[in-house]
Every structure is written in C-alpha cells, then in structure tokens.
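Working notes, structure below.
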Amino acid sequence: MPDSLCGTWSIISNVNMEGYMIAMGISPCLRKIALKLKLKKVIEQRGDKYIIKTTSTVRNYTISFTVGQEFAEFTQGLDNRHVKSLVKWEENKLVCEQTGEKKDRGWTHWIEDDKLYLELYCEGEVCKQVFKRKNVNSEEK
C-alpha cells in the first residue's frame, strides 16, 4: 500500500512551470502571476473518493475522483478546458491521464522522503513540484 497522500502540503520547489503553462496555452499575463504564487494542497480520502484542493491567494482548484473511474473534468481557473480524466495507482504513484484538446496531458502524485511530489505534463513539457507536509498533528495519520 502506498504512503498516504492525505494531509496539508506547502510548495517548496517548482521547476519548469512556465514551460508547462506555455504548452497548456496559458497567456503570458496569467503565467507571470502564476509563477509568483505559493501553492498549498489539501488531500483528503473519503472511502473510495479522493479530493485534492489546490489553493493560492489568487485561485483555488478542487478535483474529486474515484480511482479507476473515468470522469469528465472542466479545468476552470487553470486552462478552462473540458477533458476526460482517469486516475489510477501505478505502484506507489497516483497517476492521472487526461484526454482532450491537448496531447500527452496529465499528472502524477507520490510520496518520497516525507515529501509530496507532483509532475504535471502536457505535450512534452514537464513541471516538477515538491511539497512539504504542514506540521498539524490532527492531519497526520
């Protein structure tokens, strides 16, 4: 069983976010703002369902899904596209493949050395983010 992704996480590293956003078709003005944001993630699990909330001072994005079940997703506030998403476990990684207007699009979350890793990919560009768990005793499992 993979380590629990659940908890509250703060970003500590963000590599190639601009390249990823260019591949997504995000405007230069929005890219400039996004590059300055300090992201926080809250990941919850309720039975078979996961809820991932990504928050910042400018925009918030929430996704909820059941592993192994394809679902329609509208990426409102990100690149505002309709995609079909499928999230599954691949060994200890939670992997999402998204199909739609952009090719080779998705993300992967995993835990390593007490950090949450996230790779976002689209059309050959990969953004690598690393988060550390916030020290809140009630969130530790």
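All of the numbers you see were taken from the coordinates with simple rules; none came from a lab. On a predicted model such as this, the values are computed, not experimentally measured, just so you know. Because the Cβ atoms are built from the backbone with ideal geometry, glycine has one as well, and the counts that use them run over all protein chains shown.
Here is how the numbers come out for the structure above:
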{"read-out": "The stretch 1-36 and the stretch 92-117: distance between their alpha carbon centers, rounded to Å", "value": "12 Å"}
{"read-out": "The stretch 1-106: trypsin sites (Lys or Arg not before Pro) in DSSP loop, at most 13 other beta carbons within 10 Å", "value": "Lys36, Lys38, Lys103"}
{"read-out": "Spatially proximal lysines relative to Lys36 (Cα-Cα < 30 Å; intrachain offsets below 8 disregarded)", "value": "Lys53, Lys84, Lys93, Lys102, Lys103, Lys115, Lys128, Lys132, Lys134"}
{"read-out": "Compactness of the stretch 1-53 - radius of gyration and Dmax, Cα, Å", "value": "14.4, 42"}
{"read-out": "Within the chain: Cβ-based charge dipole about Cα centre, in debye rounded to nearest 20 (Lys, Arg +1; Asp, Glu -1)", "value": "640 debye"}
{"read-out": "Estimated [θ] at 222 nm from DSSP helical runs (n ≥ 4, -39500 (n - 2.57)) normalised by residues in the chain, nearest 500", "value": "-3000 deg cm²/dmol"}
{"read-out": "GluC sites (Glu not before Pro) restricted to DSSP loop in the stretch 22-126 with at most 15 other C-beta within 10 Å", "value": "Glu70, Glu91, Glu101, Glu123"}
{"read-out": "Percentage, to the nearest whole number, of Cα pairs in the stretch 1-116 over 22 Å apart", "value": "35 percent"}
